[in-house]
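Everything on this sheet refers to the single structure shown next.
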Amino acid sequence: MIAAYDPSQSIAALVEQLATLLPARGQRVASAESCTGGLIAAACTERSGSSDWFERGFVTYSNAAKAETLGVDAGLIGTHGAVSAPVVEAMLSGTLAHSPADWAVAVSGVAGPGGGSADKPVGTVYIGWMARDGMAEVVRYQFDGDRGQVRQASVLAALVGLRERVDPCR
């Protein structure tokens, strides 16, 4: 499934919402990032007091980093590619296994300008979310724009998805 997202949201506004929602529930989040290179963690920690709800971030840009840091099976990467739902699901599991966070968000994609293929063109990004006591959910997005725009759209979609899952009644 290729999901749509709402670009009218503000990253800062989403961080503010998470900064209210997560501590109110006594919960924290950790991120595992590939194509965003730590931008989700940076967006969250831009806000003072984020240590109350942002636990840690893993920047696992290379395949080796995904395997060594998060325990993603190299065979899984070999079979499906780093930009895939199974790998992002494994990144989510690894994030929760290697942190005390209650929530994990993970991203892997092709930000461009190179690296795309017919099956995974530039702008293809898989984003996943998982609660410690829940099932992983991974969504495929297809973003337009240059490298910076794809990365920013990925951060926005990751935060929107996290907010929607932390507070599904919103």
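With Rg/Rh (Cα atoms, Kirkwood Rh) in mind, check [x] 1.12; [y] 0.96; [z] 0.94 and report the label derived from this structure.
[z]
Taking 8 Å as the Cα distance limit and 6 or more residues as the minimum spacing, I'd like the relative contact order of segment 1-117 as a percentage.
Numbers: 160 pairs, mean separation 34.6, N = 117.
Relative contact order comes out at 30 percent.
How large is the convex hull of the C-alpha atoms of segment 30-117 per residue, in Å³?
79 Å³
With charges set only on the Cβ (+1 for Lys and Arg, -1 for Asp and Glu), what does the dipole of the chain come to about its Cα centre, in debye to the nearest 20? Provide the component values of the computation, followed by the final result.
Details: 13 positive and 17 negative charges, 13 e Å.
For the chain, the charge dipole is close to 60 debye.
For segment 88-100, take each phi angle, set θ = phi - 60°, evaluate the Karplus expression 6.51 cos²θ - 1.76 cosθ + 1.60, and give the result in whole Hz per residue in order, putting x for glycine and proline.
Going residue by residue, I get 5, 4, 5, 5, 4, 4, x, 4, 6, 5, 10, 7, x Hz, with x marking Gly and Pro.
Check V72: other-chain or 5+ apart residues with amide H under 5 Å from its amide H, H built from backbone geometry?
A67
A short reminder: the numbers here are calculations on the coordinates, not readings from a lab. Keep in mind that what you see is a predicted model, and the values were worked out from it rather than measured. Every residue, glycine among them, receives a Cβ derived from its backbone with ideal geometry; neighbour counts consider all protein chains shown.
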